Amino acid sequence: MADFDTLISNGHIIDGTGEKRFLSNLIIHNDKIISLFHPSKKQISIRNKNYLIKDLRFKRKIDAQFHIIAPGFIDVHTHDDQNVFDDPSMSCKISQGVTTCIVGNCGISLAPFNFSGNVPAPIPLLGKKEVFKYARVRDYRDNFIKNPSSINVALLTGHSMLRVQAMNGDYNRAANNEEIKTMQDLLHKAMKDGSIGLSTGLAYPAASSAPTEEIIELAKVLKEYNGIFTTHMRNEGDNLINSVKETIKIGEVSGVRTVISHHKCAGRTNWGKSKKSLKLIENAKNNQHLDLDCYPYTASSTMLLKDFIARADKVLVTWSDKVKDLKVNDINNIAEEFDCSVDDVVDKLYPAGAIYFQMDDDDLNRILKFNGSMIGSDGLPGDKHPHPRLWGTFPRVLGKYSREMQLFSLEEAIFKMTGKSAATFGLEKRGFIKEGYFADIVIIDEQNVIDNATYEKPLIPSSGIEQVFTNGQLVWKNLKAKLNFPGKFLEGKKFN
């Protein structure tokens, strides 16, 4: 007899490669997938040792008949840096089948940061001053190892954090050579400590004054560590095309893998520009590593900023630090209540958050379908009233865009969430169902998987995500977190 942890039988495996599903049993032991075999097999080999199926014993058996077994999803664009400590169950993510989060996006990360002054937008999105306590990435890494969550975490270093420290808070200008050298030194240390790359938020006050050359000089540091560069571009509206060109230039000159964050065409006057932006990206992919992520909604969410209001069809203000009892409401209604202009409302409410309705379905469908696109939620867990993408992104892609709209097969949808993401971000032995890979696994009811979170009620778990395993441990079942915390800090693959 031989004892193993978990047998998942009779499921159809979609393995993360984009290839067709296949019927198979799967054995998990400790944190790894140790065997895949057809249910008709009488004898199998595990680690070069032969076993009769009848002689195998398991602590847990799961019959996955009529279900899909897929790799755990990788959310490539999150702001869960602090959420993994505030809510280690990470129900907002494991309820969607997500087992790995890339944190530190849009130029903001909890680490490295050693600065006691006031900070510009969007840094406050990650939390109040007391959460910014990690001078080094290794400090953040060590705290996560000591206090793990239900998911794995990989950390990007935020460009805005480097700017604020190196420029002593004087960020409304280009950095000089000495300041760039200071930022490079901080980035070198971050990469050695386990960061997987650099992110920017060039649309925000903290970094909008940084010229292209400043970003290139920092991105060059990544080359030594085979790190990745991700960017919330300088503009996603009227100057979208120029911003895509700038991003392509940064990736080309620095020679590093590049990802455009939450690619979109914001503002009614820019609808349709995805045809040109995706063509630019597609052409650039012939000569460099360039990809993008997106979320399946036509509304975005971030800080309440005047520039963003101007291009939106509708703006819902979701919270305000100054008006504590603010109810979620249209900004025009709030302006009427306050008897003032919309600009004055921003001044009265800021710091505040908002949801901006500003994208077109055709652009969204085109970007989702694009062969370089990955899925990232971009949810803000600290929001008092978050965007529904925080709880609904991945099942929405599977249910609405794959099953109902048939933009792409379920196999391709899962590839965009798993294998593509793991390969792009260099996450070793993640993103695929293969023997010897980590047992990050989601069991899906293909016919019923769908998001339930709405703009009015954004905290509702999705349907059809039956069970979720992270590193071989069950973390989600029957719409409940299991309060197991097997998540690991992932440092990324060192590419050649």
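Some points to look at:
- The residues of the stretch 217-365 have, on average, 41 Å² of accessible surface per residue, using a 1.4 Å probe with all protein chains present.
- Accessible surface computed residue by residue for the stretch 44-202, with neighbouring protein chains in place and a 1.4 Å probe, gives 37 Å² per residue.
- The stretch 378-496 - Rg (one decimal) and Dmax (whole number), Cα, Å: 15.2, 47
- Rounded to the nearest 500, the helix-only mean residue ellipticity at 222 nm of the chain stands at -8000 deg cm²/dmol, with each DSSP H run of n ≥ 4 adding -39,500 (n - 2.57).
- Trypsin sites (Lys or Arg not before Pro) within the stretch 249-294: DSSP coil, no more than 15 neighbouring Cβ in 10 Å: LYS285
- DSSP bridge orientation in the chain - percent antiparallel, rounded to nearest 5: 55 percent
- Exposed loop sites, defined as GluC sites (Glu not before Pro) outside DSSP H, G, I, E and B with at most 16 other Cβ atoms within 10 Å, are absent from the longest region of the chain, namely 20-427.
- Nearest-10 value in Å² for the accessible area of ILE196, using the 1.4 Å probe: 10 Å²
- Extent of the stretch 393-459 along its three principal axes (Cα atoms, max minus min coordinate, largest first): 40, 26, 22 Å.
- Reach of LYS327 by Cα under 18 Å, taken over lysines that are not fewer than 8 positions away in the same chain: LYS314, LYS348, LYS384, LYS457
- Amide H contacts of ALA121: ALA206, each under 5 Å away and 5 or more positions distant or on a separate chain (H built 1.01 Å from N in the peptide plane; Pro and chain starts excluded).
- Annotation: Cα Rg of the stretch 282-432 relative to the compact-globule expectation 2.2 N^0.38 Å equals 1.24.
- D (Stokes-Einstein, µm²/s), Kirkwood Cα radius, the stretch 49-96, 1.567 mPa s at 4 °C: 88 µm²/s
- Quotient of C-alpha Rg and 2.2 N^0.38 Å, computed over the chain: 0.96
- Rounded to the nearest 20, the size of the Cβ-charge dipole of the stretch 319-411 about its Cα centre is 600 debye, with Lys and Arg at +1 and Asp and Glu at -1.
- Per residue solvent-accessible surface (Å²) - the stretch 375-436, probe of 1.4 Å: 28 Å²
- Two numbers describe the Cα atoms of the stretch 137-224: Rg and Dmax, which are 13.7, 42 Å.
- Long-range Cα-Cα pairs in the stretch 1-99 (distance over 25 Å), rounded percent: 32 percent
- Both the radius of gyration and Dmax for the stretch 243-363 are 17.7, 55 Å, in that order, over alpha-carbon atoms.
- Each residue of the stretch 143-296 gets 129 Å³ once the volume of the Cα convex hull is shared out per residue.
- Evaluated at q = 0.16, 0.25 Å⁻¹, a Debye calculation over the C-alpha positions of the stretch 80-173 (equal weights, vacuum) places log10 I(q)/I(0) at -0.63, -1.33.
- Expressed as a whole percent, the accessible surface of the chain that belongs to carbon and sulfur atoms is 46, based on a 1.4 Å probe.
- Above-threshold pairs, the threshold being 18 Å between Cα atoms, out of LYS245/LYS279; LYS128/LYS480; LYS146/LYS420: LYS128/LYS480; LYS146/LYS420
- Partners of LYS54 within straight-line reach, counting lysines whose Cα lies under 20 Å from its Cα and excluding those fewer than 8 residues away in the same chain: LYS41, LYS42.
- Highest mean packing comes first when the peptides 286-295, 158-167 are listed by Cβ atoms within 10 Å, giving 158-167, 286-295.
- Residue-wise HN-Hα coupling along the stretch 409-423, computed from phi with Karplus coefficients 6.51, -1.76, 1.60 (Hz; x: Gly, Pro): 5, 4, 4, 6, 4, 5, 4, 5, 9, 9, x, 4, 5, 4, 5
- The angle separating the long axis of helix 240-254 from the principal Cα axis of greatest extent in the chain is about 70 degrees.
- Counting only aspartates and glutamates at least 8 places from LYS275 when in the same chain, those with an alpha carbon closer than 17 Å to its own are GLU236, ASP238, ASP291, ASP293, ASP360, ASP361, ASP362, ASP363.
The values are calculated or read from the model by the stated rules, or taken from the named source; none is laboratory data. These figures come from a predicted structure and were not determined experimentally. We place every Cβ from the backbone using ideal geometry, glycine too, and count neighbours over all the protein chains shown. In case anyone asks, the SASA skips ligands and DNA or RNA and just uses the protein heavy atoms, side chains included. Shrake-Rupley method; radii C 1.70, N 1.55, O 1.52, S 1.80 Å.
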